[in-house]
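These notes concern the structure reproduced below.
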Amino acid sequence: MATVDEYLWLEDVGSEEVRQWIEAENRRFREFIGGIAERLYPRLRALYEMPVVYSVALYRGGLYLVSRERGTYVVKRLDFSRGEYEEVLRSEELGENVTISAVSPTPDGGVLGVNYHVSGADESTLLVLDVEAGDRIEVLRGYISPPVWLSRGEFLYTRFYRSGRTPDGVPAPASRVHLHEMGGEDRVVFGEGFETNWMMGLKPLYDRGVVFVTAMHGWSESKIYVARLPGLGEFALLFDGRGSRALPVGYEDGRAYVLYYGENHLGSILEVSEDGSRVVISAEEYPIEGAAVHAGRIVASRLVDGANELYAYSLDGGLEGRLLGDLPPGSLSILGSGWGALVLRYSSFDTPSRLFVLDEGMKVRFVEGESLDLGLEVEDVWVTSRDGTRVHGFLVKSGRAGRCSGVAVVYGYGGFAIPVKPAFYVNYIPMLEEGAVLVITNLRGGSEYGEEWHRAGWRRNKHRVFEDFEAFLEEMRRRGYRTVATGSSNGGLLVAAVVTRRPELVDVALIGYPLTDMLRFHLLHIGKLWTTEYGDPEDPGDRAYLASYSPYHNVRRGVRYPHVLVYTGLHDDRVHPAHALKFVAKLRDAGAPAYLRVETVSGHMGATPEVRAREAAEVLAFAYKALRLDS
């Protein structure tokens, strides 16, 4: 293994030398794919213009939402009494290449915070709108959260310190809760003394008069604090997870409800009061992913082999029944509750998003969104990993023969306790429609089977994630398919690692916005934050383990590698683009058919629909060309 990093110079993506190198790589990539992308682009552009709800926030009497539709991001307001939308803002009004990620209204709905991003960067701008007067009041910039309103003139927000130190002198990365007075003072009100890698999240329950702060160390440990609204007193410790995750889910009659992943790591709902805590809904065979208190009940979402099932319970934990059980297997997310409304978002392999609003009687008050008639068939698939663990996935096919018949697109992530569920995997629909199958894998490292499943694939267990993914590739090979391995971010690390570990299992690798240099990830952008998940390269034991699988350090000459496309964006301020650049350079040195695509107006947060559709078309075109599907 090389001890000298010969491509360290590619980390300086702002230099003219690196920019010229990127331009040359982009030209080389586009010469390879030829005109295939032009055939795929119209279909993908149409798919990206379908309405998809990203963010919802309730106020007294209605809600605001952010949806991506018709090539733009739109903020709309729904008044429940009228039952119709009013358009408030479009992303093009804020500038070029703008995406809107979140909205946050005052309880009366008259003032609205809008968080937006330029070219897909994590850094955001908070725009404050007086909706009734149509005035833009104030903007705040940085790595900041949506506001929690104390009044129309002041709000709380969290600020993420990426570099340097927090105001109380703690080395970044770390978060602090700020109180901001419009046009005036901005000061830290919570978080002082929390060390590096502690992140803060705010959850207001305006109709219950409380706001929670969840302080989380990495993705495995948290503490919950609570304060009163609208006047802000001290944040009091409500619940200490003591080495496990805990999340606030509701507040009723002086009692808080917490989702806790201690004990057997599947999740239990606890009632927490001045008298202590007690379990009201026990962990069962399938983990609880999320919950909310609504209409004197607890609504909890369980993960059953990677898909959500929604149940209503009494506040004492008695099961009252399943909700929305007539929907096909999919993802059900609880987006908010308050003032007698519960907002849910559903998505599946043929449904971009459907929004459901339930009233106090658990009846559907409002629904929006449609499914596509793609003729998809979905089946469960199980494989056995190297250590004997059974791992679940979904196999999706259209039942139609076409040029992509005999190709399996295998997608994975496996990390950060993020479950991979049925969703509208828009980038792969053209291949599905032309005969390919799509395999969605529930690898260890995610939370599909609780926190234990997450910890089975983190830190020095990371090799198990790779082995799980390899088992799916082996299974699809056994069934006679050619394989396209694909993943992004941590999933890009997954695919890159498998390419260097088991190149014979992959025909084409599509690696998006990845980590690949696991000995320097902690020195690039916010990588130090991820030492809680991967381990710390400064620790000798962790470093040796990371080196054993680091894709950049395990490229070998004389190996027959598959066709590899690595794609990234210059505005990715989360995972440094150098991971992609250096990996491609190293693969090419080894004689691999490796290509690079760098988008100049995208980042880890994504991009505008037009940019995303163009990127998806060119990424798919690479697979078509490498597999000779268009010849």
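The values are calculated or read from the model by the stated rules, or taken from the named source; none is laboratory data. Keep in mind the model is a prediction, meaning the values are calculated, not measured. Quick reminder, even Gly has a Cβ in these numbers, built from the backbone with ideal geometry, and neighbours come from all protein chains shown. SASA here: full protein model, heavy atoms, side chains in, ligands and nucleic acids out. Shrake-Rupley method; radii C 1.70, N 1.55, O 1.52, S 1.80 Å.
Some points to look at:
- Mean Cβ count within 10 Å, highest first, over the residues of peptides 389-401, 613-625: 613-625, 389-401
- In loop segments of segment 496-551 as defined by DSSP, the GluC sites (Glu not before Pro) with at most 15 further C-beta atoms inside 10 Å of their C-beta are Glu538.
- For the chain, the longest principal axis of the C-alpha atoms and the axis of helix 462-478 are separated by about 60°.
- Per-residue 3J(HN,Hα) values for segment 234-251, derived from phi via the Karplus relation 6.51 cos²θ - 1.76 cosθ + 1.60 with θ = phi - 60°, read 6, 7, 9, 5, 9, 7, 10, x, 6, x, 10, 7, 8, 9, x, 10, x, 8 Hz in sequence order (x marks Gly and Pro).
- Sorted on the mean count of surrounding Cβ atoms within 10 Å across their residues, most packed first, peptides 464-477, 545-558 read 464-477, 545-558.
- Subset of Lys203/Lys421; Lys397/Lys462; Lys462/Lys528; Lys76/Lys363 violating a 26 Å alpha-carbon distance limit: Lys397/Lys462
- Sorted peptide list for 191-201, 313-323, criterion being average Cβ within 10 angstrom, highest first: 191-201, 313-323
- Estimated vicinal HN-Hα couplings, Hz - segment 409-419 in sequence order (Karplus 6.51, -1.76, 1.60; Gly, Pro = x): 8, 10, 10, x, 9, x, x, 6, 6, 9, x
- On Cα atoms only, tilt of 578-589 relative to the major axis of the chain in degrees: 10
- Amide H contacts under 5 Å for Gly290, placed H, 5+ residues apart: Ser301
- Three-way shape call for segment 133-243 based on the alpha-carbon gyration tensor, with the a/c threshold at 1.5: oblate
- Between the Cα long axis of helix 490-501 and the first principal axis of the chain there is an angle of about 30°, rounded to the nearest 10.
- Accessible-area composition of the chain, carbon plus sulfur, in percent [1.4 Å probe]: 45
- Reach of Lys223 by Cα under 13 Å, taken over aspartates and glutamates that are not fewer than 8 positions away in the same chain: Asp240
- Read-out mean projected area of the Cα convex hull in nm², derived from the coordinates shown; its label in (i) 34.8; (ii) 26.8; (iii) 28.2: (ii)
- Under 5 Å between amide hydrogens, built in the peptide plane, is the criterion, and for Arg597 it picks out Val566, Tyr567, Thr568 among residues at least 5 positions away or on other chains.
- Centre-to-centre, using Cα atoms only, segment 42-117 and segment 186-260 are separated by 27 Å.
- Whole-Hz couplings from phi, Karplus 6.51/-1.76/1.60, listed for segment 339-353; x for Gly and Pro: 6, x, 10, 10, 10, 10, 10, 10, 9, 8, 5, 10, 10, x, 5
- Under 5 Å, built H, 5+ apart or other chain: amide partners of Phe424: Ser348
- Two-site FRET efficiency, Thr384 against Arg152, from Cβ-Cβ distance with R₀ of 41 Å, rounded to 0.05: 0.10
- Cα gyration tensor shape for segment 472-540, rounded if a/c is under 1.5, else prolate or oblate: prolate
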